[in-house]
Amino acid sequence: MRIPFLSMFMTSPFDGLQEHAEKVKECAWVFQHAIECHMVHDCKSFEGLREEVIRLENEADAVKRRIRGHIPVGTFMAVDKFQLFRYLREQDSVLDALEDALDWISYREEPGIPEAFQKEFLLLIDSAVDPIEELSRMVTEARKYFKSYSEKQRKLVKDIIRNIRKQEHEADRAEHMVKRKIFSLESDAVTVFHMIRLAETLGSIADHAENAGDMMRAMLSK
């Protein structure tokens, strides 16, 4: 008989994963506002929003360290400890990609995102951020599963994982569309490099979210 996962801890590591996921979601909301601000001529609040993303990323790092430091050595777990840490690493990498994208776009004031590409970039941003909402929901439902081991609950978590994978594919398509348009319309080499690198960084947000889903699926399979 499997020992309920949460009964092995006074504080479940999934409590920390949930807190971390909420920080990631909050950061994504600020990130979107920062990008939209940057597209507006003479935006005054971009740097403040970027600093807010950095602050949230630091808070999430503190949660990450707490999770890693509060699993007693030798404690029986229904999931592999290293799988848990790999999941956390991918969820944390979503934050890193959000911060990297804002850092990269800040290096060029004019044009940060040329007007000709703004529509496609907004679509890519929405596609890249969509899976982050699902990460939080996935952790919430996974916590319930590791309390009950209900097959119905397990299926619900797997459905969320499949949806994250579908959203990542949408982000891939949006990234490819941006790249094609950049190469077809832009001739300045510096702008091309800056835009392509930005598109790839934005696409990596969804990649890490999908990887987190894959790690969660591996934990469910035990």
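Each value in this text was obtained by applying a stated rule to the coordinates, not by laboratory testing. As the structure is a prediction and not an experimental result, all values here were calculated from the model. Here Cβ is always computed from backbone atoms with ideal geometry, including for glycine, and neighbour counts include all displayed protein chains.
Numbers for the structure displayed
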item: Sites residue 137 and residue 197, calculated FRET efficiency, Cβ-Cβ separation with R0 22 Å, nearest 0.05; result: 0.10
item: Relative contact order %, the chain, counting alpha carbon pairs below 8 Å whose residues are six or more apart; result: 30
item: Highest-MSF residue in the chain out of 167, 91, 118 [GNM, Cα springs under 10 Å]; result: 118
item: Given 10 as the ceiling on other Cβ atoms within 10 Å, longest exposed-site-free region of the chain for chymotrypsin sites (Phe, Trp or Tyr not before Pro) in DSSP loops; result: 108-222
item: Theoretical gain in end-to-end length, residue 103 to residue 43 [0.36 nm per residue, Cα-Cα removed]; result: 20.0 nm
item: Taking 173, 217 and counting other C-beta atoms within 10 Å, the order from fewest to most; result: 173, 217
item: Taking 33, 38 and counting other C-beta atoms within 10 Å, the order from fewest to most; result: 33, 38
item: Most mobile listed residue (42, 80, 92) in the chain, GNM with C-alpha springs under 10 Å; result: 42
item: Sites residue 122 and residue 187 - FRET efficiency at Förster radius 22 Å, r taken between beta-carbons, to 0.05; result: 0.45
item: Long-range lysine pairs (8 or more apart or interchain), the stretch 110-222, Cα under 26 Å; result: 20
item: Long-range tail of P(r) for the stretch 11-220 (Cα pairs > 26 Å, %); result: 37
item: Relative contact order (%) - the stretch 146-222, alpha-carbon pairs under 8 angstrom, separation at least six; result: 46
